[in-house]
Structure formats: C-alpha cells, structure tokens
Amino acid sequence: MDGVERLDFNGNYTSLILGHAPAPVVKAIQEAAAAGASFPGPTEHEIRLAEALVRRVPSLETLRFTNSGTEATLNAVRAARAFTGRNKVAKFEGAYHGTHDSVLVSVAPDPSAAGSRRRPKPVPASSGIPREIVKHVIVLPWNDAEACEKIIAKEAAHLAAVLVDPLLGIGGILPPVAGFLERLRAVTAQHGIVLVFDEVISFRVAAGGAQERYGVRPDLTTLGKIIGGGLPVGAFGGRADIMSAYDPRTGGARISHGGTFNANPLTMAAGLATLAELGPAAYARLDLLGERLRAGVTTLFRKRKLAAQVSGVGSLFCLHWTGKRLVDYRSSRPSDPAAPLRVFMGLLNDGVLLSQRGLGACSLAMTEAEIDRFITALDGVLERAVA
Ligand SMILES: Cc1ncc(COP(=O)(O)O)c(C=O)c1O
C-alpha cells in the first residue's frame, strides 16, 4: 500500500519457514480445497500429517490437532490437570504461550511489580483474568536451575505442569544453558509433574524440534506455526497415558475436545507439504543463514561499539538493546525502552520487516544476499539512529 517492497524477516511471527506462497504448499491447498474445505470427521490429510509429526518427534506417542497454539497449550494444561489431579501451573517469566487465562501471566512484566528475580511473582498480562487463576500460576526464572528446583519442590503437591518454551521464544530467543532442561526434566519426574515443551516456535530448529536439538524428552509437546504451512494450526500430544483422557474408546472421553475446524484438511495438506520440504539439507541451510545473520549483526554492533547483542538458535534470532549477559527475561530488557520500536520502524522504512520486539526468522526462500541486505539495512538504521 505504501509502495515499499519489503523483505520479510517476521515470517508471520516465525510461521512461514518456506517463505510466502511456496509452490508445493499452494498446490496442496488448492487440491485440498477442490476436494472440500472441511468435514465433520478425520481426513486422510490429518492422518498423514499426524504420522509425519510422530515420526519426527518420538515423545509424541499420540497427538491431536487444534486451530491455534493457544488451544494447544490450553489443552496441554488441562490434560496435565486431569492426569495429576492438581491445579497449579508453572511457567517462566517472559514466556508467551498464547492467550488463555492460565498462561497470560508474567509475559513481559515490569520487574518492579514482579518480585525478586529468583522468586518472581505472577503478574497478569491482561485485564479480565480472575485473581484466583493468577494465584494458580507459579512463575519461574529462566536458566536458573537451582531456583527453579526449589520453587518446584515447594509447590509440587499442587503443581500439575511445568510449561517450557525451550528457547524462551517471544521472551527473546534465549537458549537454555547447558543442563538446564535436563534438571527441569529430573525435578518434574521426581515430583510427578507433567513437563510440557511448548514448541510452537522452537519446533523449527530441528526436524524433531528443540527436544531433539537438546536431547530432552518432555511428557507433552505443543506445536503450531510451521506445521500448518501458513494456515491456522496447533497440535498437542505426548505420553499415551496422559492423552488417553481424550480417548472416547475407553468408556467416553474424560476431557472434551470439540472444535468445528480442528484438523481442517486445507491446513493439514499445507502442513504436510511444508514438512516434505524440511529434510536435513533444509535445516543445515537454515542454520547457516541464521549463523551468517548473527555473525554479521555482531560485527556491526562491535564496529559501532553499541551495548547491543543478537541471540538465536538455527534460523531464529532476536536483537537485544542491552550490554548485560543475556540469561533470562530481566537481563534481556532493553536499557533504552524506545530502542526496539525505533529500530523496527527504521527497518520498516528501509524495506525490512521484523517484529516490533526484534524477533526474527530466516526462511528457505532466502539466500545469503537477503541476509546481507538485512545487515546493510540495520547498519543504515543504526547510522541514523545512533549518530
Ligand atoms: C511458544 C508459543 N506458544 C503458543 C503461542 C500461541 O500460538 P497462536 O498464536 O497460534 O495461538 C505462541 C505464539 O506466538 C508461541 O510463541
């Protein structure tokens, strides 16, 4: 509309791993649409996408599809509550898991209202969330295994699930420090708490997601974004004994999971066509693009002597406007709160689309030339903004 052609590093918030309108995905959607847009029962596409996901992610003994990542995490939390008979849920400060009440807590809280770093207080991230629900959310400090173990052990009798985005995606792509996920796995197993990996974003870092990359097996996993090939999607699954609550064959399902458009055949076909493009060579290429971008941006920040950093894993990256060592939500907060928006707007004017908080993703539609264009555009923005 404004006549500027833009290079898209937002990728609909990391969901477009092949870029926009990739031919095999467009074809799959067209063929599925020609056969009927939706049906009140399973389709072949649904079964085939489920099989493809189960092959990639060994911890997914069984899975169910939803229309969004929000519904996926909602169901994972509900399944954990049903399985354990407990009500509380733990999540990390700075983590985003969608928009239902139990997770819309401490997403980007003001630290002055959020208690101490090692024992954060739950802060609602929206109005309209009942206080009783906020009280049922336990907030954990990312990458501090000792503090997490203490909090989890103390709350264990009431704790149904620990919800973990293994990369703290929306919180700034801050990878887990060595051993952190393993210690979460151990302490949750010890106390019979369901460990949920929310891989809605992190699934794109390997064929089997972050759980493959870091070698930790959760009890449940939630998925979304790339598995729908650009159409609305979510999925959740994992241990068969936990997921059996949804199974109508054993005297009626104990958890109701309706959804008029769940496992819509267009989405399923698009997801399957997308996964078909994502073999080992594709992941290697995405890693290289991400590494090139991070190396280029780091050189730029050094050249300009800025208190700024770029974090990331594989094709994912995030710009940070602080000189602090990046370990958790609090350390990644910008020293100048206006910097992320200023840079986002500068890049937007220069033909590069990122997310407002600085989170981005490389796609397979890109080459080294597009990565270099990003770095050049950022250099230009910094020249104007900083000089
Ligand atoms: C880790 C994570 N979980 C869940 C969600 C929610 O997914 P959706 O926007 O499809 O509801 C998101 C969205 O960004 C996410 O990043």
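Numbers for the structure displayed
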item	result
Cross-link reach list, lysines versus residue 305, counting only Cα pairs under 29 Å and skipping chain neighbours closer than eight places	324
Span-like helix ranges in the chain, DSSP H, alpha carbon extent 24 angstrom or more, Kyte mean at least -0.5	280-303, 368-386
Dimensions (Å) - region 256-381, Cα atoms, principal axes, largest first	51, 37, 30
Centroid-to-centroid separation of region 174-194 and region 208-273 [C-alpha atoms, Å]	22 Å
Contact order normalised by residue count of region 23-276, Cα under 8 Å, 6+ apart, percent	30 percent
Nearest-0.05 FRET efficiency for residue 295 and residue 261, computed from C-beta distance (R0 41 Å)	0.45
Only Lys, Arg (+1) and Asp, Glu (-1) charged, at Cβ; region 23-276 dipole about Cα centre in debye	460 debye
Vicinal HN-Hα couplings computed from phi for region 114-123 (Karplus, 6.51 cos²θ - 1.76 cosθ + 1.60; Hz; Gly/Pro x)	10, x, 7, 4, 8, 9, x, 8, x, 10
Under 17 Å from the Cα of residue 135 - lysines, other chains or at least 8 residues apart	88, 91, 121, 154
Neighbourhood net charge (9 Å Cβ-Cβ; Lys/Arg +1, Asp/Glu -1) for residue 195	+1
Cα Rg, Dmax (largest Cα-Cα span) when computed across region 53-157, Å	14.7, 45
Highest-first arrangement of 219-227, 263-271, where packing means the average Cβ count within 10 Å	219-227, 263-271
Cα pair distances exceeding 30 angstrom across the chain, given as percent	40 percent
Among 152, 193, 47: highest mean-square fluctuation, GNM of the chain, C-alpha pairs under 10 Å	47
Least to most buried among 318, 362, 148 (fewest other Cβ within 10 Å first)	148, 318, 362
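Here, each number is a calculation from the coordinates, and none is a lab measurement. Just so it is clear, the model here is predicted, and its values are computed rather than measured. No Cβ is skipped: glycine too gets one built from the backbone with ideal geometry, and neighbour counts run over all protein chains shown.
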